[in-house]
Amino acid sequence: MTGELHEAKRPVSAMLAGPYGHPFHPMLVAVPIGAWVASMVFDLASRFASDPGFLAEGSKWLIAIGVLGALAAAMAGFLDLFAIPAGTPAFRTGLLHMGLNLVITAAYAAGFLWRQTGPAGTEAVTAAGEVALGPLLLSAGSLALLVVSGYLGGKLAYRYGVRVADEATQAGGFRR
């Protein structure tokens, strides 16, 4: 059992997932998180700006950048998930984290398409040029789910130590 837990912290492929103790997935998630938070700021600002068109357009492209960044982060995240022994609390948490992230990414991709082409009978931007309420609420709901998923990702790294240094290595940082 101890060896199995120790192995869960080692990468499936250091070349693809990052070296031991420095996984790529947590580094890559900064792109979608930053892009999607910034898109929400742009969405909200578009409702208060005198000329909101550039904010609505910027938000749409930030969403696209976030979706592409999420796909890159997901590839590294899949490799991290494969290192966790199945049936463990860490594996179940990882599956929930992955599932939420897939839903969130799909919602943002749908939001981008809505803003790009717009479903029949709905507008993504008001006549004044601000982001309409529908796309804004979709982004807000997706961002709320992202907070939950981020909490789970933190639990994987900080509570379960997935892809983080083993206990003996961690102890070295606390010796005088």
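The values are calculated or read from the model by the stated rules, or taken from the named source; none is laboratory data. Quantities reported herein were computed from a predicted structural model and do not represent experimental measurements. Cβ coordinates were reconstructed from backbone atoms using ideal geometry, including for glycine residues, and neighbour counts include every protein chain displayed. Only protein heavy atoms, including side chains, enter the accessible area calculation; ligands, DNA and RNA are left aside. Shrake-Rupley method; radii C 1.70, N 1.55, O 1.52, S 1.80 Å.
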Do we have any residue at all in the range 93-112 that's of a type in the set (A, V, I, L, M, F, W, C), in contact with a Pro (Cβ under 8 Å, 6 or more places away or on another chain) and at pLDDT 90 or above? no
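Filter the range 126-147 down to the residues that are more than 22 Å from the chain's Cα centre (by Cα), hydrophobic (A, V, I, L, M, F, W, C) and open to solvent by 30 Å² or more (accessible area, probe 1.4 Å) and list them by number.
To start, the set of residues in the range 126-147 that are more than 22 Å from the chain's Cα centre (by Cα) comprises 126-133.
If we keep only those that are hydrophobic (A, V, I, L, M, F, W, C) too, we end up with 127-128, 131-133.
Passing the criteria: A127, A128, L133.
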Only one of F91, F42 that is surrounded by 15 or more Cβ atoms within 10 Å (Cβ to Cβ) and touching a Gly at 6+ places or on another chain (Cβ under 8 Å): F42
Do we find a residue being polar (S, T, N, Q) and touching a helix residue (DSSP H, G or I) at 6+ places or on another chain (Cβ under 9 Å) anywhere in the range 93-101? yes
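Is it the case, given these coordinates, that I84 is part of a loop (DSSP other than H, G, I, E, B) and either under 21 Å from the mean Cα position of the chain (by Cα) or surrounded by 20 or more Cβ atoms within 10 Å (Cβ to Cβ) (or both)?
Working: part of a loop (DSSP other than H, G, I, E, B): yes; either under 21 Å from the mean Cα position of the chain (by Cα) or surrounded by 20 or more Cβ atoms within 10 Å (Cβ to Cβ) (or both): yes.
Spelling it out, I84 is indeed part of a loop (DSSP other than H, G, I, E, B) and either under 21 Å from the mean Cα position of the chain (by Cα) or surrounded by 20 or more Cβ atoms within 10 Å (Cβ to Cβ) (or both).
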So M27 passes all but one of these: (1) modelled with pLDDT under 90; (2) open to solvent by less than 50 Å² (accessible area, probe 1.4 Å). Which condition number does it fail? (2)
Residue count for the range 18-67, restricted to those that are touching a residue at least 60 places away in the same chain (Cβ under 8 Å), within 26 Å of A83 (Cβ to Cβ) and either among the small types (G, A, S) or touching a strand residue (DSSP E or B) at 6+ places or on another chain (Cβ under 9 Å) (or both): 2
